[in-house]
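Working notes for the structure below.
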Amino acid sequence: MVTHAFVFVALLAATILVAQTVEQNAALLIILIAVPGTVIILVSLGLTTGVLKQRTRHRIVVAKNPGATVVPAEWSSAVLAPFLKNASAVSSNYRGFGVEIAASKAGVSLWRSQGVKNVELLGNFGWSQVDSIEEGTVDAVIGRRVAPTIRFNLRHGADSPFKDQIELLIRKIPVDEAVAALQQART
């Protein structure tokens, strides 16, 4: 984000310097084209980077968990409670972070991106520790929308790095398909 701001300021400064050397009408035209163009380019680069990071995380988790069902999810402190017992061990901002849920007959593991080309295992738990997997919803931060979630209810006192309830946002696939896929991986 700091890089984007720096590039924007540098391009704006360059535009102002060029504008000082040309006529007023030409300068206005340059500014009207350069400023929105710079904003569009920076936003596009940010979105592209996010999508590439998400796809890379998914590919790596699939490769590290052959045969597992991998479901993309997200966690956001704006709408969901922390799910790690030691939440300070994982840094995040207000927007949260992407999570990959990998489920196999052995159990469930949760992964997140670590940098652009690596993933970090947040932890795992066996199916014997799972009481239920449910669909849910949370109110969106803005507006009247609700966001679909998947909720793992773990047995109280289960030996894992997670709290008794893990709730994650599901955006890429319908939540009922995500729940069904995870429950099918259990058998």
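The values are calculated or read from the model by the stated rules, or taken from the named source; none is laboratory data. If you're wondering where the values come from, they're calculated on a predicted model, not measured in any experiment. Backbone-built Cβ (ideal geometry, glycine too); neighbour counts: all protein chains shown. These accessible areas exclude ligands, DNA and RNA; they are computed on the full protein's heavy atoms, side chains included. Shrake-Rupley method; radii C 1.70, N 1.55, O 1.52, S 1.80 Å.
State which residue is surrounded by the fewest Cβ atoms within 10 Å (Cβ to Cβ) when the search covers only region 168-179 and only residues that are touching a Pro at 6+ places or on another chain (Cβ under 6 Å) and closer than 22 Å to Gly126 by Cα.
Filtering region 168-179 for residues that are touching a Pro at 6+ places or on another chain (Cβ under 6 Å) and closer than 22 Å to Gly126 by Cα, the one surrounded by the fewest Cβ atoms within 10 Å (Cβ to Cβ) comes out as Val175.
Pick from Leu17, Leu28: which is among the hydrophobic types (A, V, I, L, M, F, W, C), exposed (fewer than 10 other Cβ atoms within 10 Å of the Cβ), over 30 Å from Gly98 (Cα atoms) and modelled with pLDDT of 70 or more?
Going through Leu17, Leu28 in turn, just one is among the hydrophobic types (A, V, I, L, M, F, W, C), exposed (fewer than 10 other Cβ atoms within 10 Å of the Cβ), over 30 Å from Gly98 (Cα atoms) and modelled with pLDDT of 70 or more: Leu17.
What are the residue pairs meeting all of these: first residue in region 161-179, first residue farther than 19 Å from Phe97 by Cα, second residue open to solvent by 30 Å² or more (accessible area, probe 1.4 Å), Cβ atoms under 6 Å, and 6 or more apart or on different chains?
What qualifies is Asp164/His156; Val179/Glu135.
Quick one: would you say Leu182 is farther than 18 Å from Ala81 by Cα, in contact (Cβ under 8 Å) with a residue 60 or more places away in the chain, in contact with a strand residue (DSSP E or B) (Cβ under 9 Å, 6 or more places away or on another chain) and open to solvent by less than 20 Å² (accessible area, probe 1.4 Å)?
yes
Sort out which residues of region 54-83 are β-branched (Val, Ile, Thr), without any contact (Cβ under 8 Å) to a residue 40 or more places away in the chain and within 19 Å of Ala140 (Cα to Cα), and write them in order of number.
Matches in region 54-83: none.
Return a yes/no flag: does region 114-121 have any residue that is over 25 Å from Leu52 (Cβ atoms), open to solvent by 20 Å² or more (accessible area, probe 1.4 Å) and part of a strand (DSSP E or B).
no
Here are some conditions: (1) modelled with pLDDT of 85 or more; (2) open to solvent by less than 30 Å² (accessible area, probe 1.4 Å). Glu134 meets all but one. Which one does it not meet?
(2)
So which residues in region 59-77 are in a helix (DSSP H, G or I) and either surrounded by fewer than 19 Cβ atoms within 10 Å (Cβ to Cβ) or of a type in the set (D, E, K, R) (or both), if there are any at all?
Scanning region 59-77 gives Arg59, Ile60, Val62, Ala63, Lys64.
Consider Glu120 against the criteria (1) out of contact with any Pro (no Cβ under 6 Å at 6 or more places or on another chain); (2) closer than 16 Å to Gly107 by Cβ: it satisfies all of them except one. Which criterion is unmet?
(2)
Please verify whether Val2 is farther than 19 Å from Arg112 by Cβ and modelled with pLDDT under 70, treating the condition exactly as stated.
yes
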